[in-house]
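The values are calculated or read from the model by the stated rules, or taken from the named source; none is laboratory data. Note that this is a predicted model, so its numbers are computed, not measured. FYI the Cβ positions are ideal-geometry reconstructions off the backbone, even for glycines, and counts take in every protein chain you see. In case anyone asks, the SASA skips ligands and DNA or RNA and just uses the protein heavy atoms, side chains included. Shrake-Rupley method; radii C 1.70, N 1.55, O 1.52, S 1.80 Å.
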Amino acid sequence: MDQIILEAIKSSPLFRNIDEESLNIMLDCLDPRMKKYRQREIIVAYGQPFTGMGILAGGRIALTREQYSGNRIIMGFLGEGNIFGEMLAFSDRKTWPVTVISQEESTVLYLPPDRITNTCSNVCASHTTLIMNMLSILSNRALMLNRKIEHISVKSIRGKISSYLLDMLRDSKSNIIVIPMKRHELADYLNIPRPSLSRELGFMRNEGIISFEGSTITVKNAGKLEESML
């Protein structure tokens, strides 16, 4: 396997605490299928048959969900080393519940889920570590989805924005936040119109609650953000 792709795979939480020699043996057992995608290309579409979960060996992708109205909600973004389809891999559902779109040129390795849960003929010594990593990923993904539900369940536009900013603030060591997505992507993520998002951010800046430049937001009054969610 290409060394660059191998290095990207090593960064995946799925292979945490597994050395390179063990990883090479494990990849022979897992027998991943590799495919490359262009920017804005649909990797998998809602309703397509599920054939394996993916590891992003390079690039960036968006997980989206289509509404009946035709609007698209962004469920989240994933970068190099992240996996997708892991929750589906261990469920009874056999079709994709989301559409996955490549945000830039991307490389994906597809893994059959049964190769993860079942020990292989080589009896990889690190297979137990792999399974524990998988359980950790599933738990973290469930927590991430719960956080998103908290954001979009707030009724007001300012409340949704405030919920998101406070969540980001908790993970930051200062009052400065770098939004890891473009303005229109953030609007889709919070399920609000982009003009409404820009307008509300402007109001919040004028009121001295935040300041921003590009994707960098400085929170000046976290208390006001909390009040917006009531």
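Side notes on the structure shown:
- In segment 41-56, the residues that are of a type in the set (S, T, N, Q) reach residues that are in a strand (DSSP E or B) and open to solvent by 40 Å² or more (accessible area, probe 1.4 Å) with C-beta atoms within less than 8 angstrom, at least six apart or across chains, in these pairs: Gln48/Thr95.
- Residue under evaluation Ser174, criteria (1) in a helix (DSSP H, G or I); (2) open to solvent by 30 Å² or more (accessible area, probe 1.4 Å), criterion not met: (1)
- Some residue of segment 179-197 being of a type outside the set (Asp, Glu), more than 30 Å from Glu104 (Cβ to Cβ) and modelled with pLDDT of 90 or more: no
- Residues that are over 10 Å from Gly81 (Cβ atoms), without any contact (Cβ under 8 Å) to a residue 40 or more places away in the chain and assigned to a helix (DSSP H, G or I), drawn from segment 1-11: Gln3, Leu6
- Qualifying residue in segment 22-32 (condition: open to solvent by less than 50 Å² (accessible area, probe 1.4 Å), assigned to a loop (DSSP other than H, G, I, E, B) and modelled with pLDDT of 90 or more): no
- Residue in segment 12-33 that is closer than 25 Å to Asn133 by Cβ, in contact with an Asp or Glu (Cβ under 8 Å, 6 or more places away or on another chain) and in contact (Cβ under 8 Å) with a residue 24 or more places away in the chain present: no
- Filtering segment 99-131 to residues that are modelled with pLDDT under 90 and assigned to a loop (DSSP other than H, G, I, E, B) leaves Pro112, Asn118, Thr119, Cys120, Ser121, Asn122, Val123, Cys124, Ala125, Ser126.
- Scanning segment 47-55 finds no residues that are open to solvent by 60 Å² or more (accessible area, probe 1.4 Å) and under 16 Å from the mean Cα position of the chain (by Cα).
- Test: residue in segment 140-160 that is open to solvent by less than 40 Å² (accessible area, probe 1.4 Å), in a helix (DSSP H, G or I) and polar (S, T, N, Q): no
- Near pairs, Cβ below 7 angstrom, 6+ apart or cross-chain, from segment 162-183 (among the β-branched types (Val, Ile, Thr)) to any residue that is open to solvent by 20 Å² or more (accessible area, probe 1.4 Å): Ile176/Thr216; Ile176/Thr218; Ile177/Met168; Ile177/Leu169; Val178/Ser215; Val178/Thr216; Ile179/Ser215
- Single match in Arg115, Arg93, Arg60 (criterion: in contact with a strand residue (DSSP E or B) (Cβ under 7 Å, 6 or more places away or on another chain), open to solvent by 40 Å² or more (accessible area, probe 1.4 Å), at negative phi and basic (Lys, Arg)): Arg60
- Enumeration of residues in segment 213-230 that are in a strand (DSSP E or B) and surrounded by fewer than 16 Cβ atoms within 10 Å (Cβ to Cβ): Glu213, Thr216, Thr218
- Comparison of Ile43, Ile74, Ile61, Ile83 shows that the only residue that is out of contact with any Lys or Arg (no Cβ under 6 Å at 6 or more places or on another chain) and closer than 18 Å to Asp114 by Cβ is Ile83.
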